[in-house]
Amino acid sequence: MRNPISVKQEFLKKWIQGLKAYNGTKKEMSIMERKKAIKLSADVAMASTRNSKTTYWSHALIANASEDDNNKFIVTHILGDDDSERIKKASIMRLAMSQKSFRSKKILKKSCSISRKTKQMAPRIGLARCMARRLVKKRTQVLKTLVPGGEYMDNDMSLIKETLDYILSLRVQVDVMRHLANATDQLSRTKT
């Protein structure tokens, strides 16, 4: 695990790069456009500070940001030309491969459910176990929608690891933004 201070510094550097690039393309921005620019540059900067070879969520964030032509410029500006092309190609391949396995799992589940229906109803212990599994499955589906790229993850353990990594990255993002807001607030107080 890298030093949190160096991760915060790298994130801040890349985030400012993205904001400068976005500001250079548009001089007049509405509040919503400014909010979108801050979020987009923060997401891409955070995804680029992580080891993008190992995390699905960073691939998914960069792939989603690269879909829009206006955002491609920001992504290439933050990542650099070589890295952005490599990561975009890898993320497209990874998402395509995971979609194939997702379809295969659906077919397998349907065939297994047909054989289960022919068996007798389970006793109460089996019913409680079945309800617990359903609850875990529902919570897992919710978690998959919260983590970028989570819907393509098959393994629950990898989903948990990705979620924890994503939470740590969001914490870094919030810490940097909080420090920036505090510094801006103190600067405005000293001027008045």
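Each reported figure results from applying straightforward, stated rules to the coordinates on display, with no laboratory input. From a predicted model like this one, the values you see are computed outputs, not experimental measurements.
Centroid-to-centroid, using Cα positions, the range 141-192 and the range 1-71 are 12 Å apart. When the inverse distances between all different Cα atoms of the range 135-179 are averaged and flipped, the Kirkwood radius reads 11.2 angstrom.
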